[in-house]
Amino acid sequence: MEALQHKALNWEALLTLAAEERAWTVFDEAEERGIASDPLLLHASFYAERLDLDSSALGDAYLASRPFYEEMDSEVVILDNTNPHWPTAIGIGSYCPRFLFVKGNLALLGEPMASVLGTRTPSAEGRERAVKSVRSLARSGFVTLGGLSSGIEAAAHRAALNSGEPTVALIATPHNTFYPLSHMDLQLDIAKRGAVVSQFGPAAKNEKVHLLLRNRLMSAMARVLVIVEDRDGGTAVSQATWAHQSGKPIILYHQSSEDESLKWPQRFAKSERVRVVKRPQDLGRVALRLSGLQSKKPKDESPLSQLSLF
């Protein structure tokens, strides 16, 4: 195996027995010592002592994970933060995984991405709004980013593909697994015409927490997040809430902000990092300005006008 592949294997073996925060520090030390790419079995005592683990158990975890890496899809590329294709939007303070496993066009990871989010059970109007949102964002130079979930996200991915525009899917499973299974063809199509990204290596077991970690990575990679349609307590709102706390800009639609049955839009209404738009046609222009990719607002623009409906 190549050095980076072996390094990722070692990291995954550690995560089967140790908390990520502790493993991260120890792995940093291993990199400083120049042993992170060596077979873990050669340095099992080093890792075991620092993580308070049994070295034989750690060795077993390594041996159990290794076949998955030896048989890994040759089209999947492993990235770490030294790779020039590492997503530039993942900055200090953002959620940051140790490795990314990418299948598809690596160059897309360097493009500005807009995360298009929403409910898994959208209305017909919500689906149409998602399609128009993708077109508007593409005209302004954004790559559509989504989690391949049912509903709004799947509609956004398909809209990009149908328009001949690139799209990036972040999955909460390894590349050798498809979730939901009904989106297998969509995932394979995105891998051919866009890019599919996972932070989970081929030996990783599927866990519910992976959905949360996937959503945090999506927020970190996006320059701006767009909530097309969601209910109170929905996953898109939860993701946007975390992203907003991390300093990411949010855009929502007038239809949501004016819906008196919804409480979630009020969480964002007074924030300087949030905009409300009336029409999908305005979305790309607003996303450019809000994400800092276009000249900023005039100095005399008042807070009221900042939050006005476009």
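The values are calculated or read from the model by the stated rules, or taken from the named source; none is laboratory data. All figures in this text were calculated on a predicted structure; none of them were measured in a lab. Note: ideal-geometry Cβ built from the backbone for every residue, glycine included; neighbour counts use all protein chains shown. When the accessible area is computed, the model is the full protein with side chains, heavy atoms only, and any ligands, DNA or RNA have been set aside. Shrake-Rupley method; radii C 1.70, N 1.55, O 1.52, S 1.80 Å.
Residues of region 1-45 that are under 15 Å from SER55 (Cα atoms), open to solvent by 30 Å² or more (accessible area, probe 1.4 Å) and in a helix (DSSP H, G or I): LEU15, LEU41, LEU42, HIS43, SER45. Against the list (1) at pLDDT below 95; (2) of a type outside the set (Asp, Glu); (3) under 26 Å from the mean Cα position of the chain (by Cα); (4) under 14 Å from PRO202 (Cβ atoms), the condition GLN5 fails is (1).
Table: residues versus (1) of a type in the set (D, E, K, R); (2) farther than 18 Å from HIS244 by Cα; (3) modelled with pLDDT of 90 or more.
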{"residue": "SER261", "(1), (2), (3)": "no, yes, yes"}
{"residue": "TRP264", "(1), (2), (3)": "no, no, yes"}
{"residue": "PHE268", "(1), (2), (3)": "no, no, no"}
{"residue": "ARG275", "(1), (2), (3)": "yes, no, yes"}
{"residue": "ARG279", "(1), (2), (3)": "yes, yes, yes"}
{"residue": "ALA287", "(1), (2), (3)": "no, no, yes"}
{"residue": "SER291", "(1), (2), (3)": "no, no, yes"}
{"residue": "GLN294", "(1), (2), (3)": "no, yes, no"}
{"residue": "LYS297", "(1), (2), (3)": "yes, yes, no"}
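Scanning region 202-239 for residues that are among the acidic types (Asp, Glu) and out of contact with any Pro (no Cβ under 8 Å at 6 or more places or on another chain), which turns out most open to solvent (accessible area, probe 1.4 Å)? It comes out as GLU207. Would you be able to say whether some residue in region 47-65 is closer than 30 Å to ASP189 by Cβ and open to solvent by 60 Å² or more (accessible area, probe 1.4 Å)? No, there is no match, as no residue in region 47-65 is closer than 30 Å to ASP189 by Cβ and open to solvent by 60 Å² or more (accessible area, probe 1.4 Å). Look through region 240-251, keep the residues that are assigned to a loop (DSSP other than H, G, I, E, B) and touching a residue at least 60 places away in the same chain (Cβ under 8 Å), and return whichever of them is most open to solvent (accessible area, probe 1.4 Å). For region 240-251, the residue satisfying everything is SER246.
Tell me yes or no: at least one residue of region 115-125 is of a type in the set (Gly, Ala, Ser) and surrounded by 19 or more Cβ atoms within 10 Å (Cβ to Cβ). Can you show your working first?
Looking only at region 115-125, we keep the residues that are of a type in the set (Gly, Ala, Ser), and these are 115, 118, 123-124.
Then drop every residue that is not surrounded by 19 or more Cβ atoms within 10 Å (Cβ to Cβ), which leaves 115, 118.
Within region 115-125, one or more residues are of a type in the set (Gly, Ala, Ser) and surrounded by 19 or more Cβ atoms within 10 Å (Cβ to Cβ).
Close contacts from region 26-38, counting a first residue that is farther than 21 Å from MET1 by Cα and a second that is open to solvent by 50 Å² or more (accessible area, probe 1.4 Å), with Cβ to Cβ under 8 Å and a gap of 6+ residues or different chains, come to VAL26/ARG50; GLU29/ARG50.
Looking only at residues of region 128-164 that are on the phi > 0 side of the Ramachandran plot and without any contact (Cβ under 8 Å) to a residue 40 or more places away in the chain, we find that the one that is least open to solvent (accessible area, probe 1.4 Å) is GLY151. State the number of residues belonging to region 252-266 that are under 17 Å from SER291 (Cα atoms) and surrounded by fewer than 21 Cβ atoms within 10 Å (Cβ to Cβ). Summing the residues that are under 17 Å from SER291 (Cα atoms) and surrounded by fewer than 21 Cβ atoms within 10 Å (Cβ to Cβ) in region 252-266 gives 0.
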